[in-house]
Amino acid sequence: MIDSLLVANRGEIARRIIRTAKRLGIRTIAVHSEPDAGMPFVLEADESVAIGPAAPAQSYRNADAILAAATSTGAKAIHPGYGFLSENADFARTVEANGLVWVGPGADAISAMGDKINARNLMAAAGVPVAPGTQDPAASADEAVAAASGIGYPVMVKASAGGGGMGMAVAEDEAGLRKAFDQISAFAERTFGDGSVLLERYFPRVRHVEVQILGLADGRVVALSERECSVQRRNQKLLEEAPSPAVSPELRERFLAAAVLAGEAVGYRNAGTVECLLDPATGEFFFLEMNTRLQVEHPITELIHGIDLVEEQLRIASGLPPAFDPDALAATGHAIELRVNAEDPKRFFPGPGHITTWVEPTGDGVRVDSGYAPDLTVTPHYDSLMAKLIVHGADRAAAIAKARDAVAGFQIAGPKNNLPFFVELLDNPEFISGDYDTGIVSRMR
């Protein structure tokens, strides 16, 4: 096992990684921006290094500063968490070129999956179902219109280099497609440095289901179980649950088999997620993207399997076998994660501010992965996620009941927060039925 780890991230995920690393006896190093100096993840690490001002480009995305911190502290490995540099293939290569262990998939796999068009084509060649769409980037609005005539409206216009729900728009007709093409291409060029655009068939009623995979040190790829991620606003997830209430045992086997094929197609190592769209009317599912990192929602998989995914990441990166039996995987109960964000609960606009009250719920089957504490400030510089509230029950009904109680017991004052939204959602008949889709939040508003 590696003996020292630099965590190239912040907030709840940095704190989460540090917790497991310290349990394993690994010396931990936190890097932080100037305004994050007093954050819990910094105080809980064995060492910390300031790497720059608030702007992510000058701190958490500053590869040179992070590598310098690793050198000065004698770190042997770097864990990137999610976001920031976690899916930056060049950074992964540079880390390894400097003699450090990269706790994540290989740079080639990151590159292959980072380009959505390339990823689509690779998956199709491997036998993973993909939605009807373009095999090559549309070079112009005219090319996009020509492609859409074969795909059929409505179409989803997507930034090829995008991810995490960014750089996407739905076009209902030619006029809408031309407008969306120009907007998404410009956004992608500005945000990702790559204006390439792809088109896929848009399904008006669809569920977002993903599968957690692990590429083990011995070369095997195993699929754990699926997660339901259909509660979204602006293509960003708000609540996830595992297992999915829409997935039968037969469909689960097909999901897991496809996820293993996806991982094997790129020689995947470490933790990753194969995201799919499920058509509830037909039971068909289609590859959406592969996230080559640890997911925000990984705790619900941990709870139903009794597996620490961060430990597994560290074991794989160290060349060690897993701490579980890959041939005897079993899921128990039902888990739900709620993303507690500093945002308005009605319109979901960011609402940063100084935290005057912060009381986390406790109890059997209740877990809080938080990045904040009383008397800290949620700034506008970073993502609005403050904490993840995770519950585990014997079945879905028990998990929902436990989530209601936990939300009622979570007290936050100062910044705006979306806990009132979760009160509404957990009593929503459509959600309770389990028969919902990605449009559920818009129907609640």
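The values are calculated or read from the model by the stated rules, or taken from the named source; none is laboratory data. This structure is a prediction, so every number in the text was calculated from the model and none was measured. So basically every Cβ, Gly included, is an ideal-geometry build from the backbone, and we count neighbours across all protein chains shown.
Worth a mention:
- Residue within region 178-199 that is surrounded by fewer than 23 Cβ atoms within 10 Å (Cβ to Cβ), in the same structural domain as Met290 (by TED's automatic domain parsing) and of a type in the set (Lys, Arg) present: no
- Residue that is farthest from Lys158 (Cα to Cα), among those in region 277-292 that are out of contact with any Lys or Arg (no Cβ under 9 Å at 6 or more places or on another chain) and modelled with pLDDT of 95 or more: Thr292
- Candidate set from region 112-135 (those that are assigned to a loop (DSSP other than H, G, I, E, B) and not hydroxyl-bearing (Ser, Thr, Tyr)); member that is modelled with the lowest pLDDT: Asp115
- Contact map, region 364-377: residues that are on the phi > 0 side of the Ramachandran plot paired with residues that are surrounded by fewer than 18 Cβ atoms within 10 Å (Cβ to Cβ) and outside any loop (DSSP other than H, G, I, E, B), Cβ distance under 9 Å, separation 6+ or inter-chain. Pairs shown: Gly365/Ala398; Asp375/His354.
- Filter pass, Asp375 being of a type in the set (Asp, Glu), touching a strand residue (DSSP E or B) at 6+ places or on another chain (Cβ under 8 Å) and in a strand (DSSP E or B): no
- For region 381-404, the criterion of a residue being surrounded by fewer than 19 Cβ atoms within 10 Å (Cβ to Cβ), part of a loop (DSSP other than H, G, I, E, B) and of a type in the set (S, T, N, Q) is satisfied by no position.
- Residue within region 427-445 that is free of Cβ contacts under 8 Å to residues at least 40 places away in the same chain, outside any helix (DSSP H, G or I) and surrounded by fewer than 21 Cβ atoms within 10 Å (Cβ to Cβ) present: yes
- Selection status of Val31, buried (at least 23 other Cβ atoms within 10 Å of the Cβ), aliphatic (A, V, I, L, M), under 27 Å from Thr191 (Cα atoms) and in contact with a Leu (Cβ under 8 Å, 6 or more places away or on another chain): yes
- Selection status of Leu198, of a type in the set (A, V, I, L, M) and either in a loop (DSSP other than H, G, I, E, B) or modelled with pLDDT under 95 (or both): yes
- Residue satisfying all of: in region 34-68; more than 24 Å from Arg315 (Cα to Cα) and among the acidic types (Asp, Glu); surrounded by the fewest Cβ atoms within 10 Å (Cβ to Cβ) among these: Asp64
- If you go through region 204-215 and keep only what is under 27 Å from Lys346 (Cβ atoms) and surrounded by 20 or more Cβ atoms within 10 Å (Cβ to Cβ), you end up with Val206, Arg207, His208.
- Selection from region 315-371 of residues that are among the small types (Gly, Ala, Ser) and surrounded by fewer than 15 Cβ atoms within 10 Å (Cβ to Cβ): Gly319, Ala323, Ala328, Ala330, Gly363
- When region 127-160 is limited to residues that are under 16 Å from Phe287 (Cα atoms) and surrounded by fewer than 17 Cβ atoms within 10 Å (Cβ to Cβ), the one that is nearest to the chain's Cα centre (by Cα) turns out to be Pro129.
- Scope region 136-166; condition outside any helix (DSSP H, G or I) and among the aliphatic types (A, V, I, L, M); matching residues: Ala138, Ala139, Val155, Met156, Val157, Ala159, Ala161, Met166
- Filter pass, Phe324 being assigned to a strand (DSSP E or B) and modelled with pLDDT of 95 or more: no
- Reported count of residues in region 216-241, each being out of contact with any Leu (no Cβ under 6 Å at 6 or more places or on another chain) and surrounded by 24 or more Cβ atoms within 10 Å (Cβ to Cβ), is 8.
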